[in-house]
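Asker: Below: one structure in structure tokens.
Every read-out reported here was derived from the displayed coordinates using simple, explicitly stated rules and does not represent laboratory data. Just so you know, these numbers come straight off a predicted model, no measurement behind them. Cβ atoms come from the backbone with ideal geometry, glycine included; neighbour counts cover every protein chain shown.
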Amino acid sequence: MEATELINRIKVFFEKNYYAELSEQIRKHEKFLVAEFPKLSKFDPDLADYLLETPEEFLKAAEIAIEQFDMPGDAKNFIVRFVDLPDSCKILIRNIRSKNLNKLLFTEGIVRNKTDVRPKVTAARFECPSCGNTLSVLQLDKKFKEPSRCSCGRKGKFRLLSKELMDAQGLILEEIPEQIEGGAQPKRLNIFLKNDLVSPLSERKTNPGARIIVSGTIKEVPKFTHSGIQSTDFDIMLEGNSVVSIDEEFTDILVSEKEMKIIQELAKDKNLIKKLVGSAAPSIYGHDKIKEALILQLTSGVRKVRDDGIITRGDMHILLIGDPGAAKSQLLKRMSLVAPKAKYVTGKGASAAGLSASVVKDEFLGGWSLEAGALVLTHKGVCMIDELDKMTKEDAWAMHEALEQQSISISKANIQATLRCETAVLAAANPKFGRFDPFDTVANQINLPSTLINRFDLIFAIKDLPNKDQDEKMAKFILSMHQSNKTTQELDTNLLRKYLSYVRLNFKPKLTDSAVEELRDYYIKMRSSASDKGLKSVPISARQLEGLVRLSEAYAKLRLSDKVSKKDAQNAVELLDYCLRQIAYDEETGTIDIDRIATSMPASQRNKIIAIKEILVDLENKLGKTIPLEDVVSAAKEKNFSEAEVEEVIQKLKNSGDIFEPRHGFISRI
């Protein structure tokens, strides 16, 4: 096709389809126009084929065509960006070959890394010192090019008059997991973006971890050996023409007017919670309280930034501890489909660096660079961590800061950075010995660091105990599912996602006086119940009170309310009480004791140790350094301690290094 004919045909296309958009872009001083490929294909199929085969010539002709429009403003150097390319142009990163060079293609992937935006020289003008002639040189390679000679015959040094610069940035795109077969290693591709594709607004689309579709032309990049000689091997790079983000966040979900009416009708329904719970995981039998908590987690509380700079998180963290085969992993997988932004990782396959962030040496970009982990990539989303108990303690410690402060601090290899991770964590773990022991307390069987457990708002114990009626219902439910392959759910998954994202974003309920009173009364009642019995136990701490506030706010959001009512607070108290009675109930005293999970020792046990220590101090004052064991036992019997209890406490004190045995039958304090 001749150049003039090509330019004229492109001009007619823009005149008929994009004249208004073009004038609007010029008015805004923008230098790009987004065009849809199907429109071009419908207007002129030959022109569309020409674009796919020789994109560079087409885009240059489009630039000239736009310049010819008589419009107020600067229409020079206009770039046309094409979206919605046909499926025939889609190519997997692993399938790129030399025949694809200089064709217009698009590929999909996850951004693994990106360079800073830097100016790049596109053209330079030089002046000849001998004759004053001006020479223009296009800068296409990596090396800065000067003119080789002037028309007057001069070779060598020329004076640089001016240079044209544009913003440029490199990305590293990795294949998405769904495209990888079996044990294949994910392949990577270098992407080169320039001009408006690296503007602050478009840069947000290409943050590490984002899923994007990039269209552009595949170019070869020369490689050089160590001695500076050009190699016969070439690297490939995709020069981006358009970037479209396919990563959904809560903010990206659009609610239509029709759906809006359905949402408002639903919010008025008295059985709202029941309907949401029924739709949360319809293919899993029972666990209604857990499903309710998971709905509240996706709704989340309200994030508060105080005047003194302290931030109170709004995200809730939930831990499921249960017997094998109790559908924990299935619940996690299902919630990763309901949540708009979610990542699913397993304990053994996740390290501290994979969860938080790591500093890596980069061959492509040179130097050190920061790679975000799963918790950072799910910022403003939910991270599902399965098999939490299989993680090493060092890796689990990486989560401490992320769970409470909602940030990740990195200080390695000259990189000091704090990354935001406002992420809700949903974790699942097995008990210490694989299955719950019915004769031991639940708290003793949680094989996780107490500092980590303490950061979870709700902890559910899922016990799988034989029960004839329950087993019959479950067997019927599971077998009917296998028979028909259908699930009965009140709301379809798409509507459920829209409902949750709408309430999460648009409501920030405030606590009413009646709700504050309800939460305060429960907190004080729980704290005083232990002190009335003369125990030094901690039934619930301030962390649980904050958890109650978050749960109450989430209940209010589900009703599309801006105020937390007394009923919301009662629902929150009921849910927390259900969890605490499962996990933190101290049978000896008949009270709830958060120390069973927050520390490794229940209050009743700690009170015994304090009492025996007091006896040892009294006897030491009377008898001297070496105290006979018989005297300790007899003094403890007066305080209603059995001999077995005394021996158990003495052994614990020996192990902790508080006392020692100088000779048989005698003990001394250290």
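Asker: What does the helix-only formula give at 222 nm for the chain: each DSSP H stretch with n ≥ 4 adding -39500 (n - 2.57), the total divided by the residues, and the result rounded to the nearest 500 deg cm²/dmol?
Answerer: -11500 deg cm²/dmol
Asker: While we're looking at this one, here's another question. If N is the number of residues in segment 603-669, what value comes out of its Cα radius of gyration divided by 2.2 N^0.38 Å?
Answerer: 1.00
Asker: Give the residue list of trypsin sites (Lys or Arg not before Pro) in segment 115-174 that are DSSP loop and have at most 16 other beta-carbon atoms within 10 angstrom.
Answerer: Answer by residue number: 142, 143, 145, 154, 157.
Asker: Tell me which cysteines of the chain come out unpaired when the rule is another cysteine's Cβ under 4.7 Å.
Answerer: Cys with no partner Cβ under 4.7 Å: 89, 383, 421, 579.
Asker: Still on this structure, please answer the following. What nm distance separates the two modelled labels at residue 305 and residue 644, each placed 7 Å from Cα along Cα→Cβ?
Answerer: Label-label distance for residue 305 and residue 644, simple model: 5.9 nm.
Asker: Consider all pairwise Cα distances in segment 257-504 and report the whole-number % of them above 25 Å.
Answerer: The calculated P(r) of segment 257-504 puts 50 percent of pairs beyond 25 Å.
Asker: Just to check I understand the Karplus step: with θ = phi - 60° and J = 6.51 cos²θ - 1.76 cosθ + 1.60, what whole-Hz values come out for segment 307-318, glycine and proline as x?
Answerer: 4, 7, x, 6, 10, 9, 5, x, 6, 9, 10, 10
Asker: Sticking with this structure for a sec: Taking the 0 to 90 degree range and rounding to the nearest ten, how far is the long axis of helix 643-656 tilted relative to the main principal axis of the chain, both from C-alpha atoms?
Answerer: 40
Asker: Okay, next question. Give me 262, 290, 284 sorted ascending by neighbouring Cβ count inside 10 Å, so fewest comes first.
Answerer: Least to most surrounded, the residues fall as 262, 284, 290.
Asker: Taking Cα atoms, how many degrees apart are the long axis of helix 55-67 and the longest axis of the chain, rounded to 10 and kept between 0 and 90?
Answerer: 70
Asker: Give me the log10 of I(q) over I(0) for segment 3-84 at q = 0.27 Å⁻¹, as the Debye formula computes it from C-alpha points; what are the numbers?
Answerer: For segment 3-84 at q = 0.27 Å⁻¹, log10 I(q)/I(0) is -1.58.
Asker: Something else now. In whole percent, what relative contact order does the chain give with Cα contacts below 8 Å and a gap of six or more residues?
Answerer: 9
Asker: Output the peptides 299-312, 81-94 sorted from most to least packed, where packing is the average of other Cβ atoms within 10 Å over each peptide's residues.
Answerer: In decreasing order of mean packing, 299-312, 81-94 become 81-94, 299-312.
Asker: At most 16 other Cβ atoms within 10 Å and a DSSP loop assignment: could you name the GluC sites (Glu not before Pro) in segment 1-44 that fit?
Answerer: 2, 30
Asker: Between the DSSP loop rule and a limit of at most 10 other Cβ atoms within 10 Å, which chymotrypsin sites (Phe, Trp or Tyr not before Pro) in segment 614-670 are left?
Answerer: none
Asker: Under 37 °C and 0.692 mPa s, how fast does the chain diffuse according to Stokes-Einstein, given a Kirkwood radius computed over C-alpha pairs? Answer in µm²/s, whole number.
Answerer: 108
Asker: Next question, about the same structure. If I model a spin label at residue 131 and residue 471 as a point 7 Å from the Cα along the Cα→Cβ vector, what separation in nanometres do I get?
Answerer: A separation of 10.1 nm, rounded to one decimal place.
Asker: Taking the 0 to 90 degree range and rounding to the nearest ten, how far is the long axis of helix 513-532 tilted relative to the main principal axis of the chain, both from C-alpha atoms?
Answerer: It is inclined by approximately 40 degrees.
Asker: Follow-up. If you take every DSSP beta bridge fully contained in the chain, what fraction is antiparallel? Give it as a percent rounded to 5.
Answerer: Of all bridge pairs located within the chain, approximately 70 percent are antiparallel.
Asker: Still on this model: State, to one decimal in nm, how far the label point of residue 230 lies from the label point of residue 256, with both points 7 Å from Cα in the Cβ direction.
Answerer: Taking the two extended label points, one gets 5.5 nm.
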